[in-house]
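One structure below.
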Amino acid sequence: MQVLKFGGTSVGNAQAFVQVAEIVQAARQQDADTVVVTSAMSGVTNQLFAAARAAATGDHDAYLRARDELLAKHQMVAGQLVTDGTERAALGRLLEERLQGFERLCRSIAILGELTARGLDVVAGMGERLAAPLLAAVLRARGLPAEAVDAADLIVTDNNFGAAEPLMEASRDKSRNKLLPLLARGILPVCTGYVGATVEGIPTTLGRGASDYSATILGACLDAREVQIWTDVDGILTADPRVVPQARTLPELSYGETAELAYFGAKVLHPNAVHPVIDKGISLRILNTFNPKHPGTRVVKDAHLTDGTVKAISAIKGLCMIAVEGRGMMGVPGIAARTFAAAARQKANVLMISQASSEQSICFVIPQGDRAKVVPALEAEFHAELTRRLVDQVSAMENIVIVAVVGYGMRGIPGIAAKVFGALGEAAINVIAVAQGSSEANISLVVAQGDADEAVRQIHTAFQLDKLPVTAGAPAR
Ligand code: ASP
Ligand code: MG
């Protein structure tokens, strides 16, 4: 059993659909038990979000325009690749029906003038609900017995709309009950990524970019041998190639390293996607739809191929560093607890924490967008301390970046941090704060936005990541 997931660019236009069809065809010759998971066509989810938000302001034109554009975009692919007239007409009706649903939803949002997280999830998941039947029809046109499946019938989630988490046992039952009989009949299921439904059947989404997560959830539920994430780059790279042109594809990376990189901004894989497959030891590969012969990156339990210490560097931009400072804080218990409790009440995502041992300040990093909620919340929390000058101020430094240096090989090897700081020192890059995870698999640095790219390049060179040994990995297929 294998699960093949295709991202938005892999189903971005008719040519890409043809590539996908070829990959699926070849994969199925290797293993008849193949399940496909698809994202929305690239750009569609953003368009759906924009339309829903515009509707909430009473803008009817925006969603009517989106409806027409989305219909044209999907029909264009169908027109080129679904050659059978009857099939194409049936698909056309289905697309129109779904888009009428979208229009009705947006109209009610516009009338209510309010967009709830629950309503937004129905709209947001529409892209996958258009892409899956389209891909299934394209695959049928190429002789594959494909059938679209809505993941609302497979993945059961909690009701945390916009970032729902799967309930694994219920999902296992549902997905096996639905998919195994299809597979037994020789059918190729084409499932919607990104979406699920609560126990009551209310539609949810798993969060932006979470079709990867859908694929690994289904892989775990089906006890798959392998999950393949087909994207538009050759795998996980040592750094963002737009920043470091010499960046290389990593032949192997461990689950842990992959999760750290994803969490710290590497865009290839959703940060949660490794979780469902770790315990089961399911093989996970990142592959390029547009360069299918490349072996890509294999995510494994313990990465050993590159015995280098540092494997990759990622950067997460658009952040803000909050500091609670004051000489009077020294030795006062509970300041840290109250700081993070206040941030948590605002649902701020704390990406990194750093406290100097003098205890005169607690710093933490959050997305820039959360600043407006968090600073006033902290000022309210420490109102008494601020008045008595135990806490001097709550400050915020905007436009900062976390640069994460990742690699399990750093464990127990002295001098890594010195090398990182040496490289930055030579380039006169100021490090604002530092944190190291206790796993020692990650050193995170805070630098100013303007220094971030250069910092990544310097560290990349210092660890000679451009000279990564090229492994003769087995070809993708
Ligand atoms: N279509 C969704 C998004 O754009 C999910 C995904 O592509 O993974 O966030
Ligand atoms: Mg993605």
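The values are calculated or read from the model by the stated rules, or taken from the named source; none is laboratory data. All figures in this text were calculated on a predicted structure; none of them were measured in a lab. Reconstructed Cβ throughout: ideal geometry from the backbone, glycine too, with neighbour counts over all protein chains shown. Just so you know, the surface numbers come from the protein's heavy atoms only, side chains and all, with ligands and any DNA or RNA stripped out. Shrake-Rupley method; radii C 1.70, N 1.55, O 1.52, S 1.80 Å.
Here are the numbers:
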{"item": "Residue in segment 433-441 that is buried (at least 21 other Cβ atoms within 10 Å of the Cβ) and either at pLDDT 95 or above or not in a loop (DSSP other than H, G, I, E, B) (or both) present", "result": "yes"}
{"item": "Complete set of residues in segment 13-44 that are hydroxyl-bearing (Ser, Thr, Tyr) and under 13 Å from Thr289 (Cβ atoms)", "result": "Thr38, Ser39, Ser42"}
{"item": "Residue, farthest from Ala40 (Cα to Cα), within segment 95-144, restricted to residues that are open to solvent by 60 Å² or more (accessible area, probe 1.4 Å) and in contact with a Leu (Cβ under 7 Å, 6 or more places away or on another chain)", "result": "Glu96"}
{"item": "Some residue of segment 9-19 being open to solvent by 60 Å² or more (accessible area, probe 1.4 Å), within 14 Å of Ala124 (Cα to Cα), at pLDDT 95 or above and not β-branched (Val, Ile, Thr)", "result": "no"}
{"item": "The listed residue being closer than 21 Å to Ser314 by Cβ and open to solvent by less than 30 Å² (accessible area, probe 1.4 Å), out of Ile402, Ile413", "result": "Ile402"}
{"item": "Number of the exception - Leu182 against (1) part of a helix (DSSP H, G or I); (2) within 16 Å of ligand 1 (Cβ to nearest atom); (3) surrounded by fewer than 17 Cβ atoms within 10 Å (Cβ to Cβ)", "result": "(2)"}
{"item": "Filtered residue count, segment 320-369, keeping only those that are more than 19 Å from Glu385 (Cα to Cα) and among the polar types (S, T, N, Q)", "result": "5"}
{"item": "Residue check for Gly58: touching a residue at least 12 places away in the same chain (Cβ under 8 Å), more than 30 Å from Leu180 (Cα to Cα) and exposed (fewer than 14 other Cβ atoms within 10 Å of the Cβ)", "result": "yes"}
{"item": "Yes/no for Gly43 being closer than 23 Å to Glu103 by Cβ and out of contact with any strand residue (DSSP E or B) (no Cβ under 7 Å at 6 or more places or on another chain)", "result": "yes"}
{"item": "Residue ID - farthest from ligand 2 (Cβ to nearest atom), chosen from residues in segment 20-51 that are small (Gly, Ala, Ser) and closer than 27 Å to Tyr63 by Cα", "result": "Ala51"}
{"item": "Residues of segment 328-376 satisfying the condition of being among the β-branched types (Val, Ile, Thr) and either farther than 25 Å from Asn442 by Cα or touching a residue at least 24 places away in the same chain (Cβ under 8 Å) (or both)", "result": "Val332, Ile335, Thr339, Ile353, Ile362, Val365, Ile366, Val374, Val375"}
{"item": "Filtered residue count, segment 198-212, keeping only those that are open to solvent by 10 Å² or more (accessible area, probe 1.4 Å), more than 8 Å from ligand 1 (Cβ to nearest atom) and in contact with a helix residue (DSSP H, G or I) (Cβ under 9 Å, 6 or more places away or on another chain)", "result": "4"}
{"item": "Segment 79-106 residues that are at pLDDT 95 or above, paired with ones that are aromatic (Phe, Trp, Tyr) (beta carbon under 6 Å, 6 or more apart)", "result": "Leu81/Phe17; Cys106/Tyr63"}
{"item": "Leading residue by the ranking (farthest from ligand 1 (Cβ to nearest atom)) among those in segment 269-283 that are open to solvent by less than 30 Å² (accessible area, probe 1.4 Å) and within 12 Å of the chain's Cα centre (by Cα)", "result": "Val274"}
{"item": "From the options Val190, Val195, residue that is buried (at least 24 other Cβ atoms within 10 Å of the Cβ), hydrophobic (A, V, I, L, M, F, W, C) and away from ligand 2 (no atom under 16 Å from the Cβ)", "result": "Val190"}
{"item": "Near pairs, Cβ below 6 angstrom, 6+ apart or cross-chain, from segment 259-274 (under 16 Å from Ala220 (Cβ atoms)) to any residue that is of a type outside the set (D, E, K, R) and within 11 Å of ligand 1 (Cβ to nearest atom)", "result": "His270/Gly209; His270/Ala210; His270/Tyr213; Asn272/Tyr213; Ala273/Tyr213"}
{"item": "Residue within segment 200-209 that is within 14 Å of the chain's Cα centre (by Cα) and either more than 16 Å from ligand 2 (Cβ to nearest atom) or of a type in the set (Phe, Trp, Tyr) (or both) present", "result": "no"}
{"item": "Test: residue in segment 146-164 that is open to solvent by less than 10 Å² (accessible area, probe 1.4 Å), part of a helix (DSSP H, G or I) and within 16 Å of ligand 1 (Cβ to nearest atom)", "result": "yes"}
{"item": "Among (1) surrounded by fewer than 21 Cβ atoms within 10 Å (Cβ to Cβ); (2) within 15 Å of ligand 1 (Cβ to nearest atom), the one test that Glu226 misses", "result": "(2)"}
{"item": "Only one of Gln29, Gln2 that is surrounded by 19 or more Cβ atoms within 10 Å (Cβ to Cβ), among the polar types (S, T, N, Q) and over 25 Å from Val123 (Cβ atoms)", "result": "Gln2"}
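So that you can scan it fast, the table gives a plain yes or no per residue for (1) among the hydroxyl-bearing types (Ser, Thr, Tyr); (2) without any contact (Cβ under 8 Å) to a residue 60 or more places away in the chain; (3) more than 16 Å from ligand 2 (Cβ to nearest atom); (4) assigned to a helix (DSSP H, G or I):
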residue: Ser214; (1), (2), (3), (4): yes, no, no, yes
residue: Ala224; (1), (2), (3), (4): no, no, yes, no
residue: Gln228; (1), (2), (3), (4): no, no, no, no
residue: Val233; (1), (2), (3), (4): no, yes, no, no
residue: Asp240; (1), (2), (3), (4): no, no, no, no
